[in-house]
1. Does Ile261 satisfy the condition of being touching a Cys at 6+ places or on another chain (Cβ under 9 Å) and among the β-branched types (Val, Ile, Thr)?
2. Given the criteria in a helix (DSSP H, G or I), modelled with pLDDT of 90 or more and more than 15 Å from Val374 (Cα to Cα), does Arg160 qualify?
3. Quick one: which of Thr123, Thr128 is within 23 Å of His345 (Cβ to Cβ), surrounded by fewer than 20 Cβ atoms within 10 Å (Cβ to Cβ) and in contact (Cβ under 8 Å) with a residue 12 or more places away in the chain?
4. Residue by residue through segment 304-327, note down the ones that are buried (at least 17 other Cβ atoms within 10 Å of the Cβ) and among the aliphatic types (A, V, I, L, M).
5. Of all residues in segment 136-145, which are more than 12 Å from the chain's Cα centre (by Cα) and part of a helix (DSSP H, G or I)?
6. Does segment 330-375 hold any residues that are in a loop (DSSP other than H, G, I, E, B) and farther than 19 Å from Arg148 by Cβ, and which are they?
7. So if I check each of Ala120, Ala133, Ala124, which one is modelled with pLDDT of 95 or more, assigned to a strand (DSSP E or B) and not assigned by TED's automatic domain parsing to the domain that holds Ala270?
8. When residues of segment 350-376 are filtered for being within 24 Å of Ala312 (Cβ to Cβ) and either without any contact (Cβ under 8 Å) to a residue 40 or more places away in the chain or small (Gly, Ala, Ser) (or both), how many remain?
Amino acid sequence: MDRIRIGLIGGKPGAFIGDAHRMAMLLDGEIELVAACCSSDPERARAAGVVLGLAPERCYPSYQDLLRAEAALPPEQRIQAIANVTPNAVHAPVALAALRAGFHVIADKPLCMDLAEAEALVTAVRDTGLVFALTHNYSGYPMVKQARELVASGALGAIRKVVVEYPQGGLARALPRAVAQGDLAALEALRVPQKRTARSACMADIGTHAAQLAEYVTGLSIDQVCADCDPVVPGRELDADAHVLLRLNGGARGILFASQIAAGEENPLAIRVWGEAGGLRWRQMEPNTLELRKPGEPIQLLRAGGAYNSAAAKAATRMPNGHPEGYIEAFATIYRNAARCIRAHAAGVAPDAIAADVPSVADGRHLMAVVEAVADSAAANSAWTPVPRFD
């Protein structure tokens, strides 16, 4: 099996999400990192590539240089895809340039900054026919896939309610103006932009994860939202806290809570789903356990690695049951499936169902529509607002 050759754009060494992407893409041995432009500063970009052990001639000063030089290499040498780990504001320009240069794209979320950019990306993917995978990595957990299978199998009956929450505490306090560098300042700059066209910070950053998880597990789509969003901390313009009521297709109702001012919280992403015949609960901080509840029966604890799990859950499990797996492995499942889609594309065949299970550019567009509907609802005093639909 030939490994998929990838070029990394963004994600310099030491940056949390960049490190996560690199560990994830390399975990299963199906991807090879061969080129990079890890910084918008040319010298730092070159130095970062050397730190990663790449050939100096493939440590590029700009992403434009990377795309141009790699496209000029012989097919058996050039990269086949790029991993787009840039700041949110340049997700779309980098991805569009890569697609137009003939490269598949694996992109960090959110897809882009607004619906106009999302439409341009959907059009580019359709016109090029290239693979585009979006790293909503929580859908890569084995027991999230098992939850999805339980819902799809009818084990819970018709779905009535979903509650999904993603609280964080990292932005609970304002940062001193004197803080010019460091992790917290970088986080503030990335997640609470003041001079960009995006209409959301918290909802776009972690609320999209929560929305994607709710739709992935239930198989339902968010049709309408009623939202209350607030910057909370003086001096911020964009949301740091969001409460959203959901109406999903098929009549189910839901609640989405996303917050970055939940002081003391870590990343306790969690989802609960109830149907006519039972319910389930999954929590990221105990990811290898899925709770299944049926009326009049003891709570069932389903575990990653169990022989009773679905094929998709088993495929996302690398260790025997009882051996903990977590965030990086879930991330790696997205990369592994994307690599297999790229390999199938090269062979001119459709990927199998498990490999094809990756968040797509169309999923990203829909989530941007949810973000914009939430912003519209909050601006209209929490009026019920439809989420735009696409053909």
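The values are calculated or read from the model by the stated rules, or taken from the named source; none is laboratory data. All values reported here derive from a predicted model rather than from experimental measurement. Glycine gets a Cβ as well: all are built from the backbone with ideal geometry, and neighbour counts include every protein chain shown.
1. yes
2. For Arg160, the condition - in a helix (DSSP H, G or I), modelled with pLDDT of 90 or more and more than 15 Å from Val374 (Cα to Cα) - is not met.
3. So the residue among Thr123, Thr128 that is within 23 Å of His345 (Cβ to Cβ), surrounded by fewer than 20 Cβ atoms within 10 Å (Cβ to Cβ) and in contact (Cβ under 8 Å) with a residue 12 or more places away in the chain is Thr128.
4. Residues satisfying the conditions are Ala304, Ala312, Ala313, Ala315, Ala316.
5. First pass over segment 136-145, keeping only residues more than 12 Å from the chain's Cα centre (by Cα): 141-145.
Hits for segment 136-145 are Pro142, Met143, Val144, Lys145.
6. The answer is Gly348, Val349, Ala350.
7. That would be Ala133, the only listed residue that is modelled with pLDDT of 95 or more, assigned to a strand (DSSP E or B) and not assigned by TED's automatic domain parsing to the domain that holds Ala270.
8. Going through segment 350-376 one residue at a time, the tally reaches 9.
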